Amino acid sequence: MCVDINRLENEADQLHREVIGDLFANSHDAIEITELKEIYTILEEAMDRCEDVANAIESIIIKAS
């Protein structure tokens, strides 16, 4: 499961870059850009924290074996 979480986090990084690029390329409303960019960034940071937890669990499993 830890490997899957790491893979998903990498996909989230790529998706974050794509949606931010798309947002700036296709939106003309500064408020919408600011709000959506913040939401996307918070979601990506949440995925980063999930990866941190998976890495910690993986370390514990390795040390315990």
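The values are calculated or read from the model by the stated rules, or taken from the named source; none is laboratory data. Since the model is a prediction, treat every value here as computed from it, not as a measurement. Virtual Cβ from ideal backbone geometry, glycine too; neighbours counted across all protein chains shown. Side chains included, ligands, DNA and RNA excluded: accessible areas come from the protein's heavy atoms. Shrake-Rupley method; radii C 1.70, N 1.55, O 1.52, S 1.80 Å.
Quick notes
- Dipole check for the chain: with +1 at the C-beta of Lys and Arg, -1 at the C-beta of Asp and Glu, and the Cα centre as origin, the magnitude is about 300 Debye.
- Carbon plus sulfur fraction of accessible area for the chain, probe 1.4 Å, in percent: 63
- Residue-count net charge about Glu11 - beta-carbon cut-off 12 Å; Lys, Arg +1, Asp, Glu -1: -4
- Ordering of 11-17, 59-65 by packing [mean C-beta count within 10 Å, highest first]: 11-17, 59-65
- The value of relative contact order for the chain, using C-alpha pairs under 8 Å at least six residues apart, is 53 percent.
- Accessible area expressed per residue, the chain, with surrounding protein chains retained (probe 1.4 Å, Å²): 76
- For the range 33-65 versus the range 6-30, the gap between their alpha-carbon centres in whole angstrom: 17
- Crossing angle, helix 30-64 versus the chain [Cα axis fit, 0-90 degrees, rounded to tens]: 10
- In this structure, Val53 and Glu18 have a Cβ-Cβ separation that, at R0 = 22 Å, corresponds to a calculated FRET efficiency of about 0.35.
- For the chain, calculated [θ]222 nm from helices alone, where every DSSP H run of n ≥ 4 adds -39500 (n - 2.57): -33500 deg cm²/dmol
- 0 to 90° range, to nearest 10: angle between helix 2-26 axis and the chain longest Cα axis: 10
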